[in-house]
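Participant: This is the structure I have questions about; it appears just below.
The values are calculated or read from the model by the stated rules, or taken from the named source; none is laboratory data. Note that the structure is predicted; figures quoted are calculated from it, not measured. Using ideal geometry, Cβ is built from the backbone for each residue, glycine included, and neighbour counts are taken over all protein chains shown.
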Amino acid sequence: MPLHFQGRVAVTAALMGMRREPTGMNLLMHLGQGVLLGALRGAMAHAGLRGPFSSAMFAVVRLTNDQTLENATGVGVPPWTWPRDELAVDLIHKAVYAIATGLVADRLAARTGSGPGQRHAQRVPGRHADVGPPPN
């Protein structure tokens, strides 16, 4: 969350009847997002969506989730209105999270072999409407 919007967190907390900034709620929200979205990245890896391209796709999901929650609760504002240095830090943090999560998820999923998407790509590379899913 950009530094100049942390004051809005305090205002929101005051409106909700809290005496101080809800640091515990902020931590809980971030941990919850990490757990839920980490599970999503694990599902991606098990389906065969692995590697750097999949981690890049996941970084977009992570940023979208974060911004949707922050803007829906009134704590944040659209990222294109942020100061550029704070935007850069946030994007770097999301990219590091996506890469680290992807490395762990991909490694764990690799223990069970290729995912369905990978088996399909090995059968006939590229997208083909006339090629069904591979047999189990």
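Participant: Please enumerate the residues belonging to region 27-76 that are part of a helix (DSSP H, G or I) and charged (D, E, K, R).
Facilitator: Taking region 27-76 first, the residues part of a helix (DSSP H, G or I) are 27-47, 52-72.
Within region 27-76, ARG41, ARG62, ASP66, GLU70 qualify.
Quick grid of which residues meet (1) aromatic (Phe, Trp, Tyr); (2) on the phi > 0 side of the Ramachandran plot; (3) surrounded by fewer than 16 Cβ atoms within 10 Å (Cβ to Cβ):
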residue: VAL60; (1), (2), (3): no, no, yes
residue: ALA72; (1), (2), (3): no, no, yes
residue: TYR97; (1), (2), (3): yes, no, no
residue: THR112; (1), (2), (3): no, no, yes
residue: GLY117; (1), (2), (3): no, no, no
residue: VAL124; (1), (2), (3): no, no, yes
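Participant: Of the conditions (1) of a type outside the set (A, V, I, L, M, F, W, C); (2) out of contact with any Asp or Glu (no Cβ under 7 Å at 6 or more places or on another chain); (3) touching a residue at least 24 places away in the same chain (Cβ under 8 Å), ARG50 fails just one. Which one is it?
Facilitator: Failed condition: (2).
Participant: Looking at (1) over 11 Å from the mean Cα position of the chain (by Cα); (2) surrounded by 15 or more Cβ atoms within 10 Å (Cβ to Cβ), which is the only condition PRO52 fails?
Facilitator: Tallying (1) over 11 Å from the mean Cα position of the chain (by Cα); (2) surrounded by 15 or more Cβ atoms within 10 Å (Cβ to Cβ), PRO52 fails exactly one: (2).
Participant: Right, something else. Is one or more of the residues making up region 110-121 part of a loop (DSSP other than H, G, I, E, B) and either acidic (Asp, Glu) or at pLDDT 90 or above (or both)?
Facilitator: Kept after step one, since they are part of a loop (DSSP other than H, G, I, E, B), are these residues of region 110-121: 111-115.
Cutting the leftovers down to either acidic (Asp, Glu) or at pLDDT 90 or above (or both) gives us 111.
Yes, region 110-121 contains at least one residue that is part of a loop (DSSP other than H, G, I, E, B) and either acidic (Asp, Glu) or at pLDDT 90 or above (or both).
Participant: Can you find a residue in region 126-134 that is assigned to a helix (DSSP H, G or I), surrounded by 13 or more Cβ atoms within 10 Å (Cβ to Cβ) and not basic (Lys, Arg)?
Facilitator: Step one: filter region 126-134 for residues assigned to a helix (DSSP H, G or I), giving none.
Checked region 126-134: no residue is assigned to a helix (DSSP H, G or I), surrounded by 13 or more Cβ atoms within 10 Å (Cβ to Cβ) and not basic (Lys, Arg).
Participant: When only residues in region 74-86 that are surrounded by fewer than 15 Cβ atoms within 10 Å (Cβ to Cβ) and without any contact (Cβ under 8 Å) to a residue 40 or more places away in the chain count, which is nearest to GLY38 (Cα to Cα)? Give the steps one after another, and end with the answer.
Facilitator: Our first condition is that a residue be surrounded by fewer than 15 Cβ atoms within 10 Å (Cβ to Cβ); within region 74-86, this holds for 74, 78, 80-81, 83-85.
From what is left, the residues that are without any contact (Cβ under 8 Å) to a residue 40 or more places away in the chain are 78, 80-81, 84-85.
Working: PRO78: 24, TRP80: 26, THR81: 28, ARG84: 27, ASP85: 27 Å.
Restricting to residues being surrounded by fewer than 15 Cβ atoms within 10 Å (Cβ to Cβ) and without any contact (Cβ under 8 Å) to a residue 40 or more places away in the chain, the top hit is PRO78.
Participant: With modelled with pLDDT of 95 or more and of a type in the set (Asp, Glu) as the only criterion, which of ASP66, ASP85, ASP106 stands out? It would help to see each step written out before you state the result.
Facilitator: Details: ASP66 fails: modelled with pLDDT of 95 or more; ASP85 fails: modelled with pLDDT of 95 or more.
Going through ASP66, ASP85, ASP106 in turn, just one is modelled with pLDDT of 95 or more and of a type in the set (Asp, Glu): ASP106.
Participant: Additional query: Got at least one residue in region 81-88 being outside any helix (DSSP H, G or I) and over 9 Å from the mean Cα position of the chain (by Cα)? Give the steps one after another, and end with the answer.
Facilitator: Step one: list which residues in region 81-88 are outside any helix (DSSP H, G or I), which gives 82-83.
From what is left, the residues that are over 9 Å from the mean Cα position of the chain (by Cα) are 82-83.
Yes, some residue in region 81-88 is outside any helix (DSSP H, G or I) and over 9 Å from the mean Cα position of the chain (by Cα).
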